[in-house]
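The values are calculated or read from the model by the stated rules, or taken from the named source; none is laboratory data. Predicted model, so just to flag it, every value in this text is computed and none were measured. A quick note on method: Cβ atoms are made from the backbone with ideal geometry, for glycine too, and the neighbour counts reach across all protein chains shown.
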Amino acid sequence: MQPNVLVTGSAGHLGEALMRTFRAADRPAAGLDIKASPFTDHVGSIVDRALVKRCMQGVKTVLHVATLHKPHIVTHTMQDFVETNITGTLVLLEEAAAAGVECFMYTSTTSTWGDALSPADAEPAAWITEEVPPIPKNIYGVTKLAAESLCELFFRKHHLPTMVLRTSRFFPEDDDNTAIRSQYGTANAQANDLLYRRADLEDMVTAHLLAEAKLRDAEFRRKKGFRRYIISATTPFQRSDCAQLRLNATEVVHRLFPQVEALYRDRQWTLFPSIDRVYDSSRAIEELEWRPRYDFRHVLECLKKGVDFRSPLAREVGSKGYHREVFAEGPYPVR
């Protein structure tokens, strides 16, 4: 059966997770990636127009996940980022429009907000919604934001149904911040992240599939127009917590989850003393009817039971890394 879904970046974390999900559901899907893998049907670059044109044959949905990530800043030039993240997206959009694709989903990143995520020392934690203006702080954020604008252009001018999902952290690797890596174990740090800036891989996949269904609905497109959504686990915090989160996040978490102190102590875990931003995914929850399962409450339930808080899908996909070489400073140092 000819695939009617194209997944770019099929050898990566999210791309593989999507391909696994489609295969499990017997839904015909093809993967495109520069790296060969069990989930890659077309090996090549998204800037190769002839290849992309061939891949679009019979396709109705494109899930564009392929990208150069923030960790690649240390190993790739700015021009590499422009070629992959902007030119590659443009090639995909043009060929999708020409092929009559009915749904083009673009996976972006909360990193597009850049310096908007880091308030001054005396300021409360930043409450991040889709209305907060991005202030990209590196070439990764600049190119992802530019690609988003291309998607919006094709929605408005070329009538190609497109949507942007700004995803928070979902990688299984150690934190890219040296201080976090030195003070917290991987599981501890990622459990903390689920309070405000992370989502499980399975929830990411669910969000993409729900968004695809909404984007296919002409009435939804008519009412909502072009949409961007934050995809991050439901935070337990409120806007009114932002000042205290910056000063003493532990106190806020203990107030909301009295059991956390004993559960963390048993595992010699600690909470982050300060939180500088909170991603508000309420728009995705309301409009896409997305219900993330793997949030901080889930973490605590798993700690009580002594089981892994990651989803089965996240465990199946596992860790991939971003580089062929191992750096002395960490798994993926960034400038």
Of all residues in region 120-145 being assigned to a loop (DSSP other than H, G, I, E, B) and surrounded by 15 or more Cβ atoms within 10 Å (Cβ to Cβ), the one that is nearest to the chain's Cα centre (by Cα): GLU130
Qualifying residue in region 64-81 (condition: modelled with pLDDT of 95 or more, surrounded by fewer than 17 Cβ atoms within 10 Å (Cβ to Cβ) and either hydroxyl-bearing (Ser, Thr, Tyr) or touching a strand residue (DSSP E or B) at 6+ places or on another chain (Cβ under 9 Å) (or both)): no
Top-ranked residue in region 146-187 [being assigned to a strand (DSSP E or B) and hydrophobic (A, V, I, L, M, F, W, C); ranked as nearest to PHE104 (Cα to Cα)]: MET163
Search result, residues across region 157-171 that are modelled with pLDDT of 90 or more and either out of contact with any Cys (no Cβ under 8 Å at 6 or more places or on another chain) or of a type in the set (D, E, K, R) (or both): LYS157, HIS158, HIS159, LEU160, LEU165, ARG166, THR167, SER168, ARG169, PHE170
Complete set of residues in region 259-313 that are part of a loop (DSSP other than H, G, I, E, B), of a type in the set (A, V, I, L, M) and surrounded by fewer than 17 Cβ atoms within 10 Å (Cβ to Cβ): VAL307
Residue, farthest from ASN4 (Cα to Cα), within region 188-234, restricted to residues that are aliphatic (A, V, I, L, M) and not in a helix (DSSP H, G or I): LEU195
Region 228-256, residues that are in contact with a Lys or Arg (Cβ under 8 Å, 6 or more places away or on another chain) and either modelled with pLDDT under 95 or not polar (S, T, N, Q) (or both): ARG228, TYR229, ILE230, ILE231, ALA233, PRO236
